Amino acid sequence: MNTDKADLKNAVWQWAEHIGVKVKEIHLRQMQWKWASISMNGRLTLNTELLNLPKTLTEFVIVHELVHLLVPNHGKLFKSFMSAYLPDWEERQNHLRSL
Ligand SMILES: [Zn+2]
């Protein structure tokens with residue numbers, strides 16, 4: 001099942017609360033090379049293309065971006081946070097990359 005804009009934003013607020021990070025703004029726009037980006041002050045930009053993806057993948061993208069508020073890189077710590085919040089994140093990432 002795909003998501004609409006309100007669902008997408010709600011998912012962000014819920015995950016932010018769950019992870020314990022502060023998201024200040026959520027923007028949706030067309031992005032050419034990536035699914036999303038986040039700035040350290042909590043400004044999240046999501047690619048409108050996410051609305052065409054299944055929920056498991058949008059969730060992966062959201063969690064990935066929010067965990068960047070805890071860990072700015074993709075190192076060991078980042079991966080262990082990902083595993084804590086989404087145990088099957090690698091599977092989802094592979095699925096996303098295969099698209
Ligand atoms: Zn990243």
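Among (1) out of contact with any His (no Cβ under 8 Å at 6 or more places or on another chain); (2) within 20 Å of residue 93 (Cβ to Cβ), where does residue 25 come up short?
If we test residue 25 against (1) out of contact with any His (no Cβ under 8 Å at 6 or more places or on another chain); (2) within 20 Å of residue 93 (Cβ to Cβ), just (2) comes out false.
Name the residues in the range 50-84 that are outside any loop (DSSP other than H, G, I, E, B), buried (at least 16 other Cβ atoms within 10 Å of the Cβ) and away from the ligand (no atom under 13 Å from the Cβ), would you?
Scanning the range 50-84 gives 50, 57, 58, 59.
Is it true that residue 97 is crowded, with 20+ Cβ neighbours inside 10 Å and more than 11 Å from the ligand (Cβ to nearest atom)? Quick ask: steps written out before the conclusion?
Working: crowded, with 20+ Cβ neighbours inside 10 Å: no; more than 11 Å from the ligand (Cβ to nearest atom): yes.
The answer is no for residue 97.
Any chance the range 24-31 includes a residue that's in contact (Cβ under 8 Å) with a residue 12 or more places away in the chain and in contact with an Asp or Glu (Cβ under 8 Å, 6 or more places away or on another chain)? Spell out the reasoning first.
As a first pass, look at the range 24-31 and keep what is in contact (Cβ under 8 Å) with a residue 12 or more places away in the chain: 24-31.
Pick out the ones that are also in contact with an Asp or Glu (Cβ under 8 Å, 6 or more places away or on another chain) and you get 30-31.
Within the range 24-31, one or more residues are in contact (Cβ under 8 Å) with a residue 12 or more places away in the chain and in contact with an Asp or Glu (Cβ under 8 Å, 6 or more places away or on another chain).
So how many residues does the range 41-97 have that are under 16 Å from residue 6 (Cα atoms), in contact with a His (Cβ under 8 Å, 6 or more places away or on another chain) and not β-branched (Val, Ile, Thr)?
So the count comes out to 2.
For the range 3-23, enumerate the residues that are surrounded by fewer than 13 Cβ atoms within 10 Å (Cβ to Cβ), assigned to a loop (DSSP other than H, G, I, E, B) and either of a type in the set (A, V, I, L, M) or in contact (Cβ under 8 Å) with a residue 24 or more places away in the chain (or both).
Passing the criteria: 4, 22.
Might you let me know whether the range 3-14 holds any residue that is within 16 Å of the ligand (Cβ to nearest atom) and of a type outside the set (Val, Ile, Thr)? Give the steps one after another, and end with the answer.
As a first pass, look at the range 3-14 and keep what is within 16 Å of the ligand (Cβ to nearest atom): 12.
Those still in the list that are of a type outside the set (Val, Ile, Thr) too: none.
Looking for residues that are within 16 Å of the ligand (Cβ to nearest atom) and of a type outside the set (Val, Ile, Thr), one finds none in the range 3-14, hence no.
Please find, within the range 34-49, the residue that is farthest from residue 93 (Cα to Cα) out of those that are more than 13 Å from the ligand (Cβ to nearest atom) and over 10 Å from the mean Cα position of the chain (by Cα).
It comes out as 41.
Please specify each residue of the range 85-99 satisfying the condition of being outside any helix (DSSP H, G or I) and in contact (Cβ under 8 Å) with a residue 24 or more places away in the chain. Working first, answer last.
Just the residues of the range 85-99 that are outside any helix (DSSP H, G or I), to begin with: 86-88, 98-99.
Once the filter is applied, which keeps residues that are outside any helix (DSSP H, G or I) and in contact (Cβ under 8 Å) with a residue 24 or more places away in the chain, the range 85-99 yields 86, 99.
Any read-out appearing in this document is the output of simple, stated calculations on the displayed coordinates, not a laboratory observation. Predicted model only: the values in this text are computed from it and were never measured. Because the Cβ atoms are built from the backbone with ideal geometry, glycine has one as well, and the counts that use them run over all protein chains shown.
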